[in-house]
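The values are calculated or read from the model by the stated rules, or taken from the named source; none is laboratory data. Every value quoted in this text rests on a predicted model; they were computed, and no experiment measured them. Note that we place each Cβ from the backbone using ideal geometry, even for glycine, and neighbour counts take in every protein chain shown. Ligands, DNA and RNA are stripped out before the accessible areas are found, and what is left, the full protein with its side chains, is counted by its heavy atoms. Shrake-Rupley method; radii C 1.70, N 1.55, O 1.52, S 1.80 Å.
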Amino acid sequence: MVAETALEDEWQRRATAAAIEAARGVVQMDGPIPPGTPIGRLADTEWGWVLAAMLFAWIRTRAEQASCEQLDTEQTIRLTALDPEPWDAGAVAAILPELASTSFDWSQPITAWPKDTMIEFLLTAMRLIRKATIARDLSDNGITRRAGASTIARQANAAAGGPLMTPDEWNDEIGI
């Protein structure tokens, strides 16, 4: 029997290889980026193509893993084996504006704060992070859910220089 971590490592290697192959697929003679193009000359649109190709290939492989191993697709895609997990870093980044607007004395270095102030600060940060994490995890807008897929499609379209629309919205009737 294969160890669970060895199997997970293999799926991570497959996902990474798929992402690299997808990026190489963008750089071809008949592709959007000709071979030999210096990376320093890539426009934002071209970087968007590379990123979208890599991201979608990585997600596709992780979704394949979820299907093969009968796992929750959303969780499988989210688990990256990185520390910190990007999903957690995103939740923390989301709370920073609210944390910055709290009544702590930001003119002092954090190392000068009394112990009680530091405890209050950390508890405030934990409360805000917990709130953001719950909102993230309970949202109906996940990666594999319809609304989440639509959001990701919009972002990928925009990253590639396209409209902030998904293909299924292009044929929506306009109410007059």
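Below are the figures for this structure:
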| quantity | calculated |
| --- | --- |
| Cβ pairs under 9 Å, 6+ apart, first in region 89-101 and farther than 15 Å from residue 126 by Cβ, second part of a helix (DSSP H, G or I) and of a type outside the set (A, V, I, L, M) | 90/136 |
| From 60, 24, residue being in contact (Cβ under 8 Å) with a residue 40 or more places away in the chain, out of contact with any Ser or Thr (no Cβ under 6 Å at 6 or more places or on another chain), open to solvent by 60 Å² or more (accessible area, probe 1.4 Å) and in a helix (DSSP H, G or I) | 60 |
| Some residue of region 24-42 being closer than 30 Å to residue 139 by Cβ and hydrophobic (A, V, I, L, M, F, W, C) | no |
| Index of the failed condition, residue 8 passing every other in (1) in a helix (DSSP H, G or I); (2) within 27 Å of residue 132 (Cα to Cα) | (2) |
| In region 130-141, residue nearest to residue 101 (Cα to Cα) [restricted to those that are open to solvent by less than 50 Å² (accessible area, probe 1.4 Å) and in contact (Cβ under 8 Å) with a residue 24 or more places away in the chain] | 132 |
